[in-house]
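Beneath this line is the structure, given in structure tokens, with notes to follow.
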Ligand SMILES: Cc1cc2nc3c(=O)[nH]c(=O)nc-3n(C[C@H](O)[C@H](O)[C@H](O)COP(=O)(O)OP(=O)(O)OC[C@H]3O[C@@H](n4cnc5c(N)ncnc54)[C@H](O)[C@@H]3O)c2cc1C
């Protein structure tokens, strides 16, 4: 078998890998994208059961924006000519807390509308919540400035223009909310998106939460009309049009290293592909322990981080419309409590009532299922060893029991009847996510962003963290933390840095 040779090999065609390959191919680097599956996207995909085509992961994507006012991800998509039919989501979320405390609020998109609504629910919150959004804007602008300065920001500019961003960069969300004197009830409503990060508010880094919150509330959220598979296919086309190659059904086993620098990759089939640059969409935990000779620096870096939440999703195809069922919103957060630490701790066990992030796809995408039907998905999170006692013989029962429990709870909280309308039903457990994409331990949330280890230190350490010359990372386990927009943007950055590295090598 003849050795192949490329400028850059990208391992994995998840969101990060697709964005990285599109970037390097557009820049003119001879690019090969290698994917172990027979289709692109990783979590960004779709699957069919009976007459329903389900969205496996995406609830909503921020940072796309609208024509004339694009977000960072929207600008990147435009720069590579990505064509996707986006649908905008009307309201931000409906949050229902049903436990020791009770709450039922519906929050809109649009910063002013959000602040006004909050004032209605929590009189006297206006000033502090306005300050929260102004600070969040400074955070986003500060990150943007550091990005534009290619990791070499002018300290004077940072200190004069983005002082509050610097001051809060190593704080937790709770610390900043307390400093801003936001009333407790307003904090509970503001914190609703915490389940999208999966780290409790007493530990989660303020910068990452503030950036996410602002991007959702100020910029709104979208979904693609034809499930996230549509985005993955659009990327695939652009990569090929830029001259990049894609190899499906091919797993990379090893990254080849010579004199401390990347020399190529070795596939499961024993094929050697030469390249001076590799961008990995597979997590550092996997690359360092399985694809490379692990050094103590590599183990230290991995061991200092906690793997984020493991995913669990129950997908339901219903033979009734959302109108018949009585659900009018798109996104519901059903929380057993407003105490995020308590909810986080409960992720460690399969007992109890887990929080639910529920999506009614038809309420934004009416034509997504046959007439007279609808689709509903319920997502929750687990951590630690919550699934370790499950053996093969009781696996199906274990995963279906949780789905039954969750649908019964959703029915009782919302006062609707769903069980009698279920026509198709599927479950993805942490086991499914681990098997499907190779996600480490079924983790779908990358490495947890804590106060001292989040997007800023990870961005500032990009070059220092290169344990092998020519090896960069992208995707949910890389420096931007997880999420659709973050994964695409991390791929774009890794691609641009690889292009810079390659021109430095040549000159
Ligand atoms: C249930 C669920 C709901 C979510 N909801 C949202 C949401 O609403 N909004 C949002 O923004 N984000 C959401 N996310 C998070 C988002 O999906 C992820 O952060 C993002 O898709 C991760 O992308 P990635 O680039 O890390 O790629 P991954 O999807 O992890 O893909 C990695 C790819 O690499 C391939 N690969 C791995 N190892 C190898 C190898 N050795 N050789 C070849 N190929 C390899 C895999 O097969 C896979 O295709 C959700 C995730 C899940 C699972």
Filter result for residue 264 (buried (at least 20 other Cβ atoms within 10 Å of the Cβ), farther than 29 Å from residue 445 by Cβ, in contact with a strand residue (DSSP E or B) (Cβ under 6 Å, 6 or more places away or on another chain) and at pLDDT 95 or above): yes
Residue under evaluation residue 136, criteria (1) part of a helix (DSSP H, G or I); (2) over 23 Å from the mean Cα position of the chain (by Cα), criterion not met: (2)
Count - residues of segment 362-389 that are touching a helix residue (DSSP H, G or I) at 6+ places or on another chain (Cβ under 9 Å), at pLDDT below 95 and over 16 Å from residue 308 (Cα atoms): 1
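So that you can scan it fast, the table gives a plain yes or no per residue for (1) under 20 Å from residue 457 (Cβ atoms); (2) within 16 Å of the ligand (Cβ to nearest atom); (3) more than 26 Å from the chain's Cα centre (by Cα):
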{"residue": "163", "(1), (2), (3)": "yes, no, yes"}
{"residue": "174", "(1), (2), (3)": "yes, no, no"}
{"residue": "183", "(1), (2), (3)": "no, no, yes"}
{"residue": "189", "(1), (2), (3)": "no, no, no"}
{"residue": "196", "(1), (2), (3)": "no, yes, no"}
{"residue": "201", "(1), (2), (3)": "yes, no, no"}
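Of all residues in segment 93-113, which are outside any strand (DSSP E or B) and in contact with a strand residue (DSSP E or B) (Cβ under 6 Å, 6 or more places away or on another chain)? Walk me through it before giving the result.
Filtering segment 93-113 down to residues outside any strand (DSSP E or B) leaves 99-101, 109-113.
The one that is outside any strand (DSSP E or B) and in contact with a strand residue (DSSP E or B) (Cβ under 6 Å, 6 or more places away or on another chain): 109.
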Check on residue 18, within 10 Å of the ligand (Cβ to nearest atom), within 21 Å of the chain's Cα centre (by Cα) and under 24 Å from residue 499 (Cα atoms): yes
The lone exception for residue 386 - which of (1) part of a loop (DSSP other than H, G, I, E, B); (2) more than 16 Å from the ligand (Cβ to nearest atom) it fails: (2)
Criterion violated by residue 432 - all others in (1) in the same structural domain as residue 392 (by TED's automatic domain parsing); (2) near the ligand (Cβ under 9 Å from one of its atoms) satisfied: (2)
Residue that is over 30 Å from residue 170 (Cα atoms) and within 16 Å of the ligand (Cβ to nearest atom), where the choices are 426, 392, 448: 426
Some residue of segment 469-489 being buried (at least 19 other Cβ atoms within 10 Å of the Cβ), over 16 Å from residue 144 (Cβ atoms) and away from the ligand (no atom under 16 Å from the Cβ): yes
Single unsatisfied condition, residue 319 versus (1) buried (at least 18 other Cβ atoms within 10 Å of the Cβ); (2) more than 23 Å from residue 222 (Cα to Cα): (1)
Strands (runs of 3 or more DSSP E) contained entirely in segment 16-92, each with at least 3 residues that are in contact with a strand residue (DSSP E or B) (Cβ under 9 Å, 6 or more places away or on another chain) and more than 20 Å from residue 493 (Cβ to Cβ): 47-49, 52-54, 86-88
Residues of segment 358-368 classified as more than 12 Å from residue 59 (Cα to Cα) and buried (at least 22 other Cβ atoms within 10 Å of the Cβ), total: 0
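The values are calculated or read from the model by the stated rules, or taken from the named source; none is laboratory data. Just so it is clear, the structure is predicted and the values come from calculations on it, not from any experiment. All Cβ positions, glycine included, derive from the backbone under ideal geometry; neighbour counts span all protein chains shown.
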